[in-house]
Each structure stands twice: as structure tokens, then as C-alpha cells.
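Here's the structure we're looking at; comments come further down.
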Amino acid sequence: MCTDPAGHFGSMAALGKNFFNLVARGTLSLPSHHARCLHGSAPNENSIQAPVSKPKSRTKCTLIPGDGVGPELMYSMTEVFKAAGVPIDFEQFFFSEVNQLMSAPLEDVAASIRKNGICLKGILSTPDYSRTGELQTLNMKLRRELDLFANVVHVRSLPGVKSRHTNIDTVIIREQIEGEYSALEHETVKGVVECLKIVTQRNSARIAKFAFDYATKNNRKKVTAVHKANIMKLGDGLFLRSCQEIAKLYPKIKFESMIVDNCTMQMVSNPRQFDVCVMPNLYGNIVDNLAAGLVGGAGVVAGASYSSKCVVFEPGARHTFSEAVGKNVANPTAMLLCGTKMLNHVNLQYYGDMIRGAVDRVLKAGKVRTKDLGGQSTTNEFTFAIINNLK
Amino acid sequence: MASRLSSRILPLLRSTNAGQLTLSRTAASASVSEFDMQHKNPFAKKVIAIPKAEYGGRHSVTMLPGGGIGPELMNYVREVFRYAGVPVDFEECPIDPQSDGNEDLEYAITSIRRNGVGLKGNIETRSLSRGILSRNVALRNELDLFVNVIRCKSFPGVKSRYQDIDIMLIRQNTEGEYAMLEHESVPGVVESMKIVTAENSERVIRYAFEYAQKHGRKKVTTIHKANIMKLSDGLFLETSKRVAKHFPDIEHDSMIIDNCCMQLVSNPHQFDVMVMTNLYGTIVSNVLCGLIGGAGLISGRNYGDHYAVFEPGTRNTGTAIAGKNIANPVSMLNAAVDMLEHLGHQNHANIILQAIDKTINEDHIHTPDLGGQATSIDVVQSVVKHIQELTKDKNWSLN
């Protein structure tokens, strides 16, 4: 700037004037929080120069292949894990409601997940009828058993996947042990069936806090509570009130509420306005699927269910895709992303990033795509492409 | 006693909380706004529990780097946690030491409320003007962290005057001389109130005895100055005698603070668990830390009914050595280990503890405050190296 002595004065003056103008117009804010910035960044200059943590020790993980194409997807994922050299050992349980003879007992599966703290799970198909008259499905039983109260689906536009909207990055958090899924239905008089929707203050506050904690941890700016309190004034009203209470503890995160019908419309017309959404059980189920459809369908969205002690990673939109069994066409992306999330959760970021990078590269290149993304490749070809792209 | 005290002060509190100017005559000498700002409720607070931030076995923990060497020490903790695979996510809340406002501090307190647990360096309060609270004290009062626990245990590898010291120091943390109630009644006469309540005394003394019982300690010593402050310290002493009757298998005695300091430097091995009021606690903890190797080794824990905050045992910011790569990271690492034990990650805690032990006692990698030549990074690198060795053929979370 000041190399030319003749231009020195002029440029300085111009700069000064510009600077003044900017400040005066309020477009440039002076660094009033300078000390705070320094505070945050100073320690990085003397960090430890050792290689990234790549432990030789092995971690155990429970594996539930699930129904439909689940076993094929799991096979694909374990192949990728093997090729990447991931230090994870799987404890496999066949767990199914439609194939009851072969299913492992719920207690064993729950005990294994409790012990390991992590689980990868395919989707369990739920029959439309109940053989024993019991209303709870196996999925619900597992969630209740482990108290997996929070379901998180991270809906994110993937590179190379064509869809109506781009740059979607929304997290949908769903309460999943109460609400409409209470499995309390009865016929009071002939022809009149009552289904009880249960909302409790404790669980509503817990899921709201989960959503805000998730937002804090992941540097998200806004939490939207989705409800239908205008109709269900007491039930959803309690949910909404609990969210508002918890929101007071998070002054740096914006809190909004939206009615579920409006939310679904906004989601398809202007999905980028959503950051973190928190909602009761059934709305979550619907919005999860809707949002998954926006970014490429059930084959590419990963999800996870949390209790305080353990996590079950499973695809975000729950479809077994049973018509494709044995056809070698299912998309393993969702399952692979579940795998990377699981690796990050147990501090194996090195491997998580490696697989994540490979998935992104293959999708971005767009040469190998399964049918659901408009390609002609098989599950196997896709898996091999991922393995070839591991770096 | 407490009820009598509270009946005297509570109405006064209510009126200030409501922002009304109808103060009683005693407090009217100090201007209302200052009193209002300075005043902290010295009584036990009833706080409603908020669900803890633990999801899928991972905890969120509030990190307050504080001033001086705090930020660099926190960075070492992060680094060590990364190598030990600790399932803890930090939410960092920096507090600007220059500002007179308390927004940063309020946010930090809210954050600890949400997470339940905090790891903290020493926060500076630069401003000496009367309206500004000491932020460390404000934090403890707001969260009602009524007990401060410091374990002073000798490191065999550190040269010090005494070996094999293992004293548990338990200190009342929210009232006493730190009640921050000072005023100038007439020009040239300043009164500072020391508040002792039966309720808070009993809580902290009960904690001491329960701790002793749980950890197989033999003796609890109450430190006081009841010969001079017959009412306030007398209450503390009376309470401890009363509580001691509920624990017949634990020996109880008492000692006057001045004698205690002398005994500490001449014959520290006679002490087992010590319980005391606020100001004596800060003195005794510094004496003890000095005896076994300085401020850089020992960690302290602050507990309330719902929250826990962990910090280095002696509350010094170390501004003079900040950024010179010579601060001893061990005290903050020990505080982090305490935190892991509190959260229930015993295996991770053990691994880090063993690594620290090997670094200090076997490899003798000491920073200048322990008479060594090593830098902070040397110490942390050695700890990391030991962690990697310890976890070579087993999982982090398995012991």
C-alpha cells in the first residue's frame, strides 16, 4: 500500500475516508470483542504436534442387519469397514418381527447394546397385524427397553445427487418413546376406537433439551419446535411450553415454533429456513420421510437414536425396501453414513472421515450410481467404487 | 440460629430483590444500587434439577478457560482427551476479563446449569470498582457450590519437604468471609460481614463425614477460630460436634486455625480429613499445596446439590507465566481426571491418571515450578505417549 511515496498520502487519505464512511454507515463494525477473539484462538499456537490419534485397540459394536435389504446393505458396509481397516468388531444379532423363529430375544439384543454403547441397525419391518394381540412393535419395544428417547436425522444435500432443492442442511429431532406411539388403543363401544396420545412434561423437556444441546454442540443457530397446539391444546401445548421453558436456558440460540401442517409446506417450498427442528413422535416420523425425500430418498439419509447411555445408528427414513431383496440394487449410502457417524461417536474420526470422503467423492463423480439416484450400477459396484476411493 | 439470622436478613433481601427502596435503617447507609449489585444470597439455594446433557454415553461439559494460563491449559486437556478417546464434548465459554458487564459470566453459569458439570480455570476480575463481583465467587454462589474438596496427595517423584502426605481438605465455599457484604458505615469505618449459617455448615460438615466414611478415612478435624469469633465460628464448631455424633466410627477433633498452620508445616501427617470455613480453606489449601510441590499439581472440586465444577486446587491465574510454555499442565489435567470420575468414565480417568503418574514420578519430566527444565508441551507429550502405550492393545473404555 505504501510503497509508492507519491501515492502515499492520497491512498491513506482515501482509505481513511472510506473507513470513516463505512463506520458511519454502520456497515463496518469495529472490533469491540477483540479480547474475546484472542482468548478463543490463542491456545492453538502451541498444540501438540503428534500424529492424529489412530488407536490399535478395537471397539465392539452391536450389529442388527434388519429386514428387507438390510443384510445386503450391512454386508456392503462391513466390506468397506474391512477395506478401510476400521478397528471395530461386530456382535451380530438377527432381530426381526416378521421372521420370529430366527429372531434373537429382545433381552439379549438390549444387553449387548447396553454393554457396547453403540449399535448399527438396519430397518425392521413391522407387520400390519398382531398375532398375539399385542400392540407394541419390536422397534418400539427396543426403544422402550433402552430408553432411546431421541431420534436425530441429519438431512443434508449430497454432492452429485440431483434434487429439487440444493444446500439443504437440516436436523430433525424426534421424540420417540411416547406421543401417538404409546400403543394404547382400545374399542370403548363397538365401532368406536380410542388411541391414546401421551405427552409428559419430563419427556418433552428432555427432548427439547436434547435439541438445544445438539444445536449448541454443532454450532447451530436456531431451533424450531413443530407442534399442533392450536388443536391439541393440552397435549401439544405441554410439549410447546416445555420447549419454551428450556429455550430460556439457551440465550444464544434462536427459538421458533411452527404448526406441523405449515411446517410440511415450508419444508417442500423453502427448506433452507430450517436449522434444527424438534417435534413429537408422529410428526417426526412424517417430517423425517418428507425431508429425506427432498435430498434423494431413503437410501441416502442417516439417522441415530439416543438414550443417555447408548446410541443406535440406523437409516433416517425407515423403509425395508423388501421388493428389492436379492436384486443387488439397493443404495448402501445411508448405511455407510450411519457407519461414519458411529465412528465419529467413538472417537475414530480418522476412519469416519476416510469413509465419508470416499462416499462424497463417488457421489460427486456421479459415474457409479444406484438406481434410486438415476444410475444403473448395482450395490456391489457402488461398494467397490467406495473401496477404490478410500484414501 | 439460622432461622434467627434469616429472619433478620431475609426481609431485607426481599425488598432489594423487588427493587423497592424500602430498606431497613441498617442498610440505608449504603446506596441501594450498590447494595443490590453487591448482595448475594448467602443462604442455601433451592435449585430445580435440569436433565443432564448426557446422550449416547457422551457428555457435554462447560469449559471456562479463565485468564492467564487457563486457555493454554485447557488446550492441553483437549489434546489429552483426544488421545485418550474421552467421550466428552466441551462447550467453551470465554469470559472477557476487561469488560465490566457480566453477560459472559451469566451465560457461562447458564451453560453449567444445562450441562451440570464445568471445568474451569481461574477467571480474572480486573475491575476493582465496588459494583463488580468477583466472578469466581459469583459463580460459586449462583450455582450454590457449597463444598470445595481438595485432595493433597504427595507425588513421590516431586522433591518436597514432606513425603507421603494424603490430606483431604473440605472447605465451605459459599458464605463466611466471602459473603461479599461490605459497607462503610461512617467515613473511615468499613464493616465486612462474615456469615455462618447452621444449614450451610451442616451441609459441608456432613459431606466431610460422609466422605470419610465412604473412603475409609479415620479422622475429621474441624478448623476454626471459635476462641475469638465465638458466635460465627462457634456455630460451625458446634455443628460439627453435633454431626460427629452421627458418625461414631470416625474420630473427630478440632483445631484453631493458627495452630493448624503451624502443625501443618511441622507435622502434616497427623491430619486426615480437614473441614473448615471459607477463608481458612483458601489459606490452608495454599499452605498444603506449597508443602507438596506448588500450585501446579493439585486439583480442586466444587460440588453443589446439582452441579459440579472442577478447577486447579489453588486458584491462581498465573498471568505472569502465560504464553511462555512453562506452566505446569498437571493441575488442570488432574482436574479433568476428577471430572471424568464424577461423570463415571472411570476407565478413561485411570488411563490419564496413570500417564500423569508415570510422567511425573518415573520419567521425572518436570516444569520449572517443580525444579525441572521441561516445557509444558514436553509434559503433555509425555502424557500422550504414555496414554498411547497404555491403550495399545485394549480399548479406551475397557480397563
Practice problem: Please go through region A:230-249 and pick out each residue that is out of contact with any strand residue (DSSP E or B) (no Cβ under 8 Å at 6 or more places or on another chain) and part of a loop (DSSP other than H, G, I, E, B). | Solution: A:I231, A:M232, A:K233, A:L234, A:K248, A:L249
Self-check item: Residue in region B:115-135 that is at pLDDT 90 or above and within 9 Å of chain A (Cβ to nearest Cβ) present
Solution: yes
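Test B:P97 against the criterion of being within 8 Å of chain A (Cβ to nearest Cβ), outside any loop (DSSP other than H, G, I, E, B) and either under 30 Å from A:Q201 (Cβ atoms) or touching a residue at least 12 places away in the same chain (Cβ under 8 Å) (or both), and give yes or no.
On the way: within 8 Å of chain A (Cβ to nearest Cβ): yes; outside any loop (DSSP other than H, G, I, E, B): no; either under 30 Å from A:Q201 (Cβ atoms) or touching a residue at least 12 places away in the same chain (Cβ under 8 Å) (or both): yes.
No, not satisfied.
Restricting attention to region B:306-324, report how many residues are at pLDDT 90 or above and within 16 Å of B:Y76 (Cα to Cα).
Residues of region B:306-324 that are at pLDDT 90 or above, as a first pass: B:307-311.
Filter again for within 16 Å of B:Y76 (Cα to Cα), leaving B:310-311.
Residues that pass the stated criteria total 2.
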Quiz item: Is it the case that some residue within region B:150-168 is free of Cβ contacts under 8 Å to residues at least 40 places away in the same chain and within 13 Å of chain A (Cβ to nearest Cβ)?
Solution: no
Quiz prompt | Subset of region A:335-345 (residues that are touching a strand residue (DSSP E or B) at 6+ places or on another chain (Cβ under 6 Å) and either away from chain B (no Cβ under 14 Å) or acidic (D, E) (or both)) | solution = A:L337
Practice problem: Within region B:57-88, track down each residue that is within 7 Å of another protein chain (Cβ to nearest Cβ) and within 20 Å of B:Q381 (Cα to Cα). | Solution: B:P71, B:E72, B:M74, B:N75, B:E79, B:R82, B:Y83, B:G85
Self-check item: Of residues in region A:355-376 being in a helix (DSSP H, G or I) and surrounded by fewer than 21 Cβ atoms within 10 Å (Cβ to Cβ), the one nearest to the chain's Cα centre (by Cα)
Solution: A:R356
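Determine whether B:L169 is assigned to a strand (DSSP E or B), in contact with a strand residue (DSSP E or B) (Cβ under 8 Å, 6 or more places away or on another chain) and within 27 Å of B:V88 (Cα to Cα).
On the way: assigned to a strand (DSSP E or B): yes; in contact with a strand residue (DSSP E or B) (Cβ under 8 Å, 6 or more places away or on another chain): yes; within 27 Å of B:V88 (Cα to Cα): no.
Taking the combined requirement at face value, the residue does not satisfy it.
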Practice problem: Search region A:201-228 for residues being within 13 Å of another protein chain (Cβ to nearest Cβ) and surrounded by fewer than 15 Cβ atoms within 10 Å (Cβ to Cβ), and hand back the single one that is nearest to the chain's Cα centre (by Cα). | Solution: A:N218
Quiz item: What do you reckon, is B:I356 more than 10 Å from chain A (Cβ to nearest Cβ), buried (at least 17 other Cβ atoms within 10 Å of the Cβ) and either in contact with a strand residue (DSSP E or B) (Cβ under 6 Å, 6 or more places away or on another chain) or part of a helix (DSSP H, G or I) (or both)?
Solution: yes
Quiz item: Counting residues that are more than 30 Å from A:G374 (Cα to Cα) and in contact with a Pro (Cβ under 8 Å, 6 or more places away or on another chain), which strands (runs of 3 or more DSSP E) fully inside region A:126-208 reach at least 1?
Solution: A:169-175
Exercise. At least 2 residues that are more than 26 Å from B:R161 (Cα to Cα) and either touching a residue at least 12 places away in the same chain (Cβ under 8 Å) or outside the structural domain of B:H215 (by TED's automatic domain parsing) (or both) in each: list the strands (runs of 3 or more DSSP E) lying fully within region B:236-328 that qualify.
Key: B:251-256, B:299-303, B:308-312
Exercise. Being surrounded by 17 or more Cβ atoms within 10 Å (Cβ to Cβ) and part of a helix (DSSP H, G or I) is the filter here, so list the residues in region A:84-110 that pass it.
Key: A:A84, A:V109, A:A110
Exercise. Specify the residue that is nearest to the other protein chains (Cβ to nearest Cβ); the eligible residues are those in region A:302-334 that are buried (at least 24 other Cβ atoms within 10 Å of the Cβ), touching a Leu at 6+ places or on another chain (Cβ under 8 Å) and part of a loop (DSSP other than H, G, I, E, B).
Key: A:P332
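The values are calculated or read from the model by the stated rules, or taken from the named source; none is laboratory data. The model shown is predicted, which means the values in this text are computed figures rather than measured ones. So basically every Cβ, Gly included, is an ideal-geometry build from the backbone, and we count neighbours across all protein chains shown.
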